[in-house]
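Heads up, the thing below is written out as structure tokens.
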Amino acid sequence: MNSLVTGGAGFIGRHLVQRLLEHGDRVRVLDIGEAGALTRHAEVVRGSVCDPSVVRAAMNGMHRVFHLAANPELWARRKRDFHETNVVGTRVLLEEAARHDLERIVHTSTESILASASRATGLVNEEAQPVLEEMPGPYCRSKLLAEQAAWEAARRGQPVVIVSPTLPVGPGDYRLTPPTRMLVDLLNGTIPAYLDFRMNLVDVRDAAAGHLLAAQRGQVGRRYILGGTNIWLGELIDCLRDLTGLSMPRRRIPYWLALAVAAVAEVTADLVTRRRPAAPLAGVRLARHSMAFDSSRAERELELPKRPLRESLADAVAWLAAEGRIARDLTKESVQAGYPQDDRDWGVDRIGR
């Protein structure tokens, strides 16, 4: 099987490429950035998904396409970057894919467009109906427009399956996506207080496996949430404290205060510093909604695997330490053990799924 992975040098993309290679696929990666060690194992094409000629050449001879290329940030210096990469890039890829006889096109969406559209207090599932006007920022708007393009391609007869990973954690996040950056800030003690909210964390290796399973077993024109464990941020902080021995923030702040601080920080970032704010406004707005997800469809229909959250966090912490991303000293024995030294099963028994 010949597989093209756009964004294959990204966090989930790297793990997906590895999974495909282990599966016996011949893999081609299309990415605008450096692919690093991938060059020894997969063919790498440097270029943008917004360039039709580059996409056309990369897709030649492929049997299936995994479209992960996107701008995953919640803030950007140029707001139009979200539309150009996430929307235009998706449309270009789907237009070129229509010229090929592909077995599957797996489009990577995001859970954030479902959460922001849902006013439910419980678990969010695939039935949530996102509304463009309700998206909390340019990232979410662009990802919803990209997903709408994927739905339209499926209605035209293209073999599109949509996957919506939740927040990926684990080893190998060289570009530091927002979830890993949150872990780094907590581990380095740069967050004095926090806004507690419920979220879903998925092991990046399970999310990658879910992409391959969606190509193999997913139903065309169907969405699958690739989720892991639902957990409150306060519980995640407790878990990291037990896992590493590091001090963690204990003070919570109310939503209105977090929103006000984020609004000021975003204006300052946009007009003065031109640097990413510590807490992007879109992220705070997302935290107001239910960010707990039901991934039972993917578990049932795809047989999505699910690692224990503490294993994923331990692997993420160990990798970040090895990469020199953690400035504070860790409790060596705790990190090596890979889980809290008590009988709590973080994010599972304590809050359910």
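Please pick out the residue among Arg156, Arg175 that is charged (D, E, K, R) and more than 21 Å from Pro280 (Cβ to Cβ).
Unique residue meeting the criteria: Arg156.
Out of the stretch 271-319, which residues are among the small types (Gly, Ala, Ser), part of a loop (DSSP other than H, G, I, E, B) and under 27 Å from Pro171 (Cβ atoms)?
Passing the criteria: Ala278, Ala279, Ala292, Ser295.
Give the number of residues within the stretch 179-228 that are in a helix (DSSP H, G or I), among the aliphatic types (A, V, I, L, M) and within 21 Å of Ser247 (Cβ to Cβ).
The total comes to 5.
Being surrounded by 17 or more Cβ atoms within 10 Å (Cβ to Cβ), modelled with pLDDT of 90 or more and in a helix (DSSP H, G or I) is the requirement here; does Leu257 meet it?
no
Looking at Val45, Val17, Val5, can you tell me which residue is more than 19 Å from Arg205 (Cβ to Cβ) and of a type in the set (Val, Ile, Thr)?
Answer to the selection: Val45.
The values are calculated or read from the model by the stated rules, or taken from the named source; none is laboratory data. Please read all numbers here as calculations on a predicted model, not as lab measurements. Methodologically, a virtual Cβ is constructed for each residue, glycine included, from the backbone with ideal geometry; neighbour enumeration extends over all protein chains shown.
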